[in-house]
Each structure stands twice: as structure tokens, then as C-alpha cells.
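Shown next, in C-alpha cells, is the structure this report addresses.
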Amino acid sequence: MDFLKQLGIKEKNYGSSTGLEWNKTSDQGELEIHSPVDGKYIASVYQASVEDYDKIVEKAREAFKIWRVTPAPKRGEIVRQIGQKLREYKEPLGTLVSYEMGKSLQEGLGEVQEMIDICDFAVGQSRQLYGFTMHSERVSHRMYDQYHPLGPVVTISAFNFPVAVWAWNVMIAAVCGDTNIWKPASKVPLTAIAVQNILEEVIRENNIPEGVFNLIIGRGSTIGEKIINDKRIPLVSLTGSTRVGKHAGEAISKRLGRYILELGGNNAIILSEYTNLEIAIPGVVFGAIGTAGQRCTSTRRLIIHESIYEKVKGILLNAYKKVRIGDPLDANNHMGPLIDKGTVKTFLEAIELVKKEGGKILYGGETLSGEGYESGCYVTPALAEVKNMYEIVQEETFAPLLYLIKYTGDVENAIALQNNVVQGLSSSIFTDNLQEAETFLSAAGSDCGIANVNIGTSGAEIGGAFGGEKETGGGRESGSDAWKTYMRRQTNTINYGKDLPLAQGIKFEF
């Protein structure tokens, strides 16, 4: 395939790089990557060893000594060049994202565009690492705070966004003066290798120190555990399940390290009696089936006012029957495959649990076979009538399963249903009623990190901080002032007088 050759993907690939050198370890197991699109073998990756990891960390620590004192705008210039390289490689990289992960080609290209956008954002941020000045209570004193780089930062990314989430973290961390180590998901390592090859071009063209941008592909049980327990790593950004996040958070906390956790979502859209269904329905359908329901922000629950419930149900049934499922590289298709057969199994088990608890499957929930579905990873998206209290509804099923939940009375009742889950990532309300919209966005409204009005739950822009509350982990990455997470804050006081007055008027004489 031409796009693999363009990106430097070989039949067999090594699994760790310091930016200029690929470690040659080949005895730690080999990941054989097959596409969920057609089941065909793509390439393989030799997993890295603990020794490779230690070598990378030491390279990152050495590079940090140089990178931290490189002026921030010059670090921004490197990020600008990375963005330019990504523009050059957008087509092949977006195609690889789609083919290796299974999302539509439009979404694959959109993911690379998101990388480009965060590069542009980070370039501007490199000239805006602002602190504040404060008035001192002491005569001839000046106070201010400033931000300094942390050190080597690790990004552990998930399969569903194999490159964009890495860029959210690393482009910001890079302009902040941190060196970076990337551990991608083992299900999609080829996209990470492709990105590392692109980075290598920028590194060589600018004589960037080896160790600023690093990659390591290895087992969670060895490399992952090493990372979360490593005192040399001041910050770990992890995207994954709540179970994995809790384990990592506990280990990192024990060594008093920092973490950014982006964990599960159980995202809801409220359709009030004042909903404009013409814009709501496309938002619901894309939110539920986009990326085959494998986004952290995918719509899981649809909370519908009783007055429009039957109408909405009918419209959705009709819409779901028109969803075209197949090769995501074909622009005519709406939905591609799930990432693997294990995820298909989880999806089917969730369908059975819905039935067992008393819910009703209105549509879908089946596997597809035959021509075009040889990988065994294709399913029909499902609609289910449920109650919010069902155990399966309280969990996140990472697949295209949308729950329809009826509410009565005022919007406060719908908000209570939405908030009555342990996750708190993304939320939305469709309403033309100003009071409902403002109630939803108030302190008494949505308890999620993301709350939208008249748009869906998925498709966050890079300009805002991304993250959620409760068991979603509390982390924030990407835009707004999330850059502060990647730096250490320092308060400075300067005495430019000839006396030494003490704070709070304390007298100390001898």
C-alpha cells in the first residue's frame, strides 16, 4: 500500500525511538497488526524492553537540560514545523489512521487536521506562557509568579484516537519546555511509528537534541507499570478506562507525581419539549455512531421529554435503517468496524444485559457477515429503550449502543437523570428555551466537564480544555489554560529596598 511506504512503515518495525535512533530489541514479543476494515495483515512491531525504556528516559532527561532553556518561541517554531510536516503527510497519515483503527476516512483525515490545529494553537501559546504580578504588603518589594518546565512527560494514548490525543498533550508540553515520551495503544502502534518518522525529519533538519520526542511500544504489564511507578517522570497523561486510570492514579499518587486522567464517559443528550429536531437528530445520530461509538465523547444516553418521545423514537428508527455500514475508506459509508472481535463480544454482551434487566432492543445489535465484512468486526448500531437505573446503563459500553430514556416534568428532572451516573465527561441539551439552556449550564445543571447547548456530545474543539469530572478522572488537556498542567508554578518575591521588613508585621530583632 502506497500510504505505508510514504510513512516509512516496513513489514517489521522496531518499537522504540529516541527521535534519531531506533532501538533494535526484537526478543520482547511481536505485535502483528491486522486491519479491522478487512482483516488483512498490515505489518508487525517488535515490542520494547524495560532496558529500552530506561535508555529513553535517560535520553529525555539529558535533552530536558537543553530544551528547558531554549526560548519558548523557538520551541514554538519547532512545533510550527511539525504542523507543516503534518500538512504534507495528512493524506497518507489520515488513511493509515482509518485503516489501522477502523474509523471513517473523513474522521481519519479530521484527526490529522486536529493535530495540525493543536500545533497552530501551541505556536501561539509559546508566546503566552504568562504569570501574574501581585502587590506586596512590604515596602520596596515586588511579587510575581512564573511557570517553569517540569521534565520528561509521558503520554499514554488510547486506540480510538491514535494520534490526536498525543498531539493535544505533546505539542503543548513541548512549547512549555518538557521533553516527551509516548506510549501508544498496542492495538494501533503503526500510526505512532508513522508520526515518529515524521518527527524525525523535523528533528534532523533543526538539530534538536535526541530525546525531546520519544516513542516506546510495549506491554502495559512491564513498560506501563514502569512508567507509573517511575519517580523520574513528573507527569503522566493517560487516556483509557476508569479501571486502568484508578490503578495508574493510585501508583502515581504514592510517589507524589502528577497525572492527567482522561477516562470513561457515559454521555447524555437531553431533548426537551422545546427541541428543534431538525438540528438535534443529526447531532444524536453522529454522536452515537461516529467512530462506531468508540469515542470517549460518544452519545450513550438520549433523555427525551415524554411529549416528543414517540416522535423521536420513530425518526431515529428511520434514520438508523439508513445508516450505511462498511469499508470506512469508502466515503459513502457512515460507519466502519469496531476495533476488534473482543469489542464486538462486549457489545453483544451489553445487548443481552439490556434484555435481562427489562430493556427493549428497538433496532440493531447484530453482527454482520459476508462480502465486505470478512474481518468479523462489523455490527449494526443499536437502539434500546431502558431506564437510567439499569446496571448496564450505568456502565460505558464502548460501541454504538444508544439508550432511549423518557423523562417527565421540567428540565431539572432530565438533568438529574443525566447526572445520575459515575462518569462526567460530555453532555448536551437541545432546546430553544433560554431558561432551560441556562439552567443546564448553571451550577445546578450538568456536572460534566463539557456541557453543550444545541450541539452534540462529540467533536470537541482544541481551543477549549478537554476533560471530565467524577470517574472520568478530572484531567484537562489541549486548549484554554491547560498548558499550566505541564509546568511547575513558582512564586517570586524580590526585595529591592535597604531594609528587611517581615510579612504580617512580624518583628524579629537581635
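Tabulated values for the structure
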| quantity | calculated |
| --- | --- |
| Criterion violated by residue 63 - all others in (1) surrounded by fewer than 20 Cβ atoms within 10 Å (Cβ to Cβ); (2) more than 21 Å from residue 184 (Cα to Cα); (3) in contact (Cβ under 8 Å) with a residue 24 or more places away in the chain satisfied | (1) |
| All helices (runs of 4 or more DSSP H) inside segment 42-122 with 3 or more residues being among the hydroxyl-bearing types (Ser, Thr, Tyr) | 90-101 |
| Residues (buried (at least 24 other Cβ atoms within 10 Å of the Cβ), among the β-branched types (Val, Ile, Thr) and over 18 Å from residue 426 (Cα atoms)) located in segment 237-251 | none |
| Meets criteria (surrounded by fewer than 22 Cβ atoms within 10 Å (Cβ to Cβ) and assigned to a helix (DSSP H, G or I)) for residue 373 | no |
| Conditions (1) under 22 Å from residue 55 (Cβ atoms); (2) under 18 Å from the mean Cα position of the chain (by Cα); (3) touching a residue at least 60 places away in the same chain (Cβ under 8 Å): number failed by residue 184 | (3) |
| Candidates 10, 40, filtered to the one that is farther than 18 Å from residue 195 by Cβ and among the basic types (Lys, Arg) | 40 |
| Residues being open to solvent by less than 40 Å² (accessible area, probe 1.4 Å) and over 17 Å from residue 70 (Cβ atoms) - total across segment 196-213 | 4 |
| Condition met for residue 157 (without any contact (Cβ under 8 Å) to a residue 40 or more places away in the chain and among the hydroxyl-bearing types (Ser, Thr, Tyr)) | no |
| Flag for residue 207 being out of contact with any Lys or Arg (no Cβ under 6 Å at 6 or more places or on another chain) and without any contact (Cβ under 8 Å) to a residue 12 or more places away in the chain | yes |
| Residue within segment 446-460 that is assigned to a strand (DSSP E or B), over 24 Å from residue 164 (Cβ atoms) and open to solvent by 40 Å² or more (accessible area, probe 1.4 Å) present | yes |
| Condition check for residue 32: more than 29 Å from residue 176 (Cβ to Cβ), touching a residue at least 12 places away in the same chain (Cβ under 8 Å), open to solvent by 70 Å² or more (accessible area, probe 1.4 Å) and not in a helix (DSSP H, G or I) | yes |
| Residue in segment 405-419 that is closer than 22 Å to residue 335 by Cβ and open to solvent by less than 50 Å² (accessible area, probe 1.4 Å) present | no |
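Listed here are the residues, each with its yes/no results for (1) touching a Pro at 6+ places or on another chain (Cβ under 9 Å); (2) assigned to a loop (DSSP other than H, G, I, E, B); (3) polar (S, T, N, Q).
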site	(1), (2), (3)
227	no, no, no
231	no, yes, no
249	no, no, no
253	no, no, yes
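Condition check ((1) acidic (Asp, Glu); (2) farther than 15 Å from residue 398 by Cα; (3) buried (at least 18 other Cβ atoms within 10 Å of the Cβ); (4) touching a residue at least 12 places away in the same chain (Cβ under 8 Å)) across all residues:
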residue: 289; (1), (2), (3), (4): no, no, yes, yes
residue: 294; (1), (2), (3), (4): no, no, yes, yes
residue: 307; (1), (2), (3), (4): no, yes, no, yes
residue: 333; (1), (2), (3), (4): no, yes, no, yes
residue: 340; (1), (2), (3), (4): yes, no, no, yes
residue: 351; (1), (2), (3), (4): no, no, yes, yes
residue: 364; (1), (2), (3), (4): no, yes, yes, yes
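The values are calculated or read from the model by the stated rules, or taken from the named source; none is laboratory data. Since this is a predicted model, take the numbers as computed values, not measurements. FYI the Cβ positions are ideal-geometry reconstructions off the backbone, even for glycines, and counts take in every protein chain you see. Quick note on the areas: whole protein, heavy atoms, side chains included, nothing else; ligands and nucleic acids left out. Shrake-Rupley method; radii C 1.70, N 1.55, O 1.52, S 1.80 Å.
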